[in-house]
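Working notes, structure below.
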Amino acid sequence: MSGEDEDTEKKGFRLLGILDIQNVPCARESLLYGGGGGLAAGLLHFLATSRVRRSYDVGFAGFFVTTLGSWFYCRLNNAKFRAQERFIQQGLRNKVVYQGTSLDPTRKSPPETELPKDP
């Protein structure tokens, strides 16, 4: 019984049998933004011109452009976040390695005292 439940939980919604919406980062948000953008573009074009076929084409183009734009924007932000995360993890690793040694960047060296100069 539990084996059947695990199989159904792992299966996500697949768009056209290719894109697994639940497991691909940014896919769900991009498709939702694309749908909203395409609907808005098509509806506004229809209200402005009353041409059904051209409004459909504008709506589809709006969907396509909005989906790709939001996809690339989201993926770029995810890549930046992962790079920052790696940088922080490397810093923490270095802190553990160098802690207590003379190479420890948090360890302050004693202040150098200068001899007073005679005028």
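The values are calculated or read from the model by the stated rules, or taken from the named source; none is laboratory data. What you see is a predicted model, and the numbers here were worked out from it, not measured in a lab. Don't worry about glycine lacking a Cβ; one is built from the backbone with ideal geometry, like all the others, and counts go over all protein chains shown. Each accessible area value is taken on the protein alone, full model and side chains, heavy atoms only, with ligands, DNA and RNA left out. Shrake-Rupley method; radii C 1.70, N 1.55, O 1.52, S 1.80 Å.
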Does any residue in segment 70-91 that is of a type in the set (Ser, Thr, Tyr) come within less than 9 Å, Cβ to Cβ, of a residue that is open to solvent by 100 Å² or more (accessible area, probe 1.4 Å) and modelled with pLDDT of 90 or more six or more places away or on a different chain, and which pairs are these? Ser70/Leu32; Ser70/Tyr33
For segment 37-67, how many residues meet the condition of being open to solvent by 100 Å² or more (accessible area, probe 1.4 Å) and of a type in the set (Asp, Glu)? 0
